[in-house]
Amino acid sequence: MKRFLFTLILMCGIAGVSMAQKAGYINTEAILNKIPSYKTAQGQLETLRTGYEKEVEVGWQKVDELYKTYQSDKVLMTEAMRKQREDEIINKEQAVKELQRKYFGQDGTVAKKTEELLKPIQDKISNAVKEVANEDGYAVIIDSANNPTILFLNPKYDISDKVIGKLGYK
């Protein structure tokens, strides 16, 4: 309900602004799909992600193997041997969790590489949007790709092609 009210207020605000000024929208996904360096970056990220996922999966398989072996041998072990094997399993599990955090955490390798590869592209798009907005007198430009609460946008206000042209792509 709060999201609906926020969207309603935003749309009313845009409607009020649009009476005095122009409003437009872009589709970032459509723009990104026209940029070859974005596709290259996505491929690099997918390769990186896949490699790390395999490495983590192998780690989890080893933990699983250790646990299964422990379960089958548990009845034959002394208390000290059980404790040692349990500690080994716990340590291996913690190592795999740490590896996951290292690769896929908020500040992990994948997040850093994503930032490194995509930020320059996003900055170029942002600058192109600002240039188009300033040149054509737009007061508001909305990204339709990232806002699922927008119910309808008239295609005549889509300036994605202008932004793509400003970036030097067709």
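The values are calculated or read from the model by the stated rules, or taken from the named source; none is laboratory data. Only a predicted model underlies this, so the values are computations on that prediction, with no experimental measurement involved. Glycine gets a Cβ as well: all are built from the backbone with ideal geometry, and neighbour counts include every protein chain shown.
What the table below lists for this structure:
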read-out: Cross-chain or 6+ apart pairs with Cβ under 6 Å, the stretch 64-81 first and part of a helix (DSSP H, G or I), then modelled with pLDDT of 95 or more and aliphatic (A, V, I, L, M); value: L66/I89; Y67/I89
read-out: Residue in the stretch 144-156 that is out of contact with any His (no Cβ under 9 Å at 6 or more places or on another chain), surrounded by 13 or more Cβ atoms within 10 Å (Cβ to Cβ) and modelled with pLDDT of 90 or more present; value: no
read-out: Filter pass, L45 being closer than 20 Å to V96 by Cα, assigned to a helix (DSSP H, G or I) and among the hydrophobic types (A, V, I, L, M, F, W, C); value: no
read-out: Sole residue being under 30 Å from K166 (Cα atoms), surrounded by 10 or more Cβ atoms within 10 Å (Cβ to Cβ), out of contact with any Asp or Glu (no Cβ under 8 Å at 6 or more places or on another chain) and at pLDDT 95 or above, chosen from G51, G43, G13; value: G43
read-out: Test: residue in the stretch 108-119 that is of a type in the set (D, E), closer than 17 Å to E46 by Cα and at pLDDT 95 or above; value: yes
read-out: Test: I159 is over 14 Å from N27 (Cβ atoms) and surrounded by 13 or more Cβ atoms within 10 Å (Cβ to Cβ); value: no
read-out: Set I31, I125: member being under 30 Å from A145 (Cβ atoms), touching a strand residue (DSSP E or B) at 6+ places or on another chain (Cβ under 9 Å), of a type in the set (A, V, I, L, M) and touching a residue at least 40 places away in the same chain (Cβ under 8 Å); value: I125
read-out: Complete set of residues in the stretch 82-141 that are surrounded by 15 or more Cβ atoms within 10 Å (Cβ to Cβ) and either of a type in the set (S, T, N, Q) or not in a helix (DSSP H, G or I) (or both); value: Q100, G108, T114, Y138, V140, I141
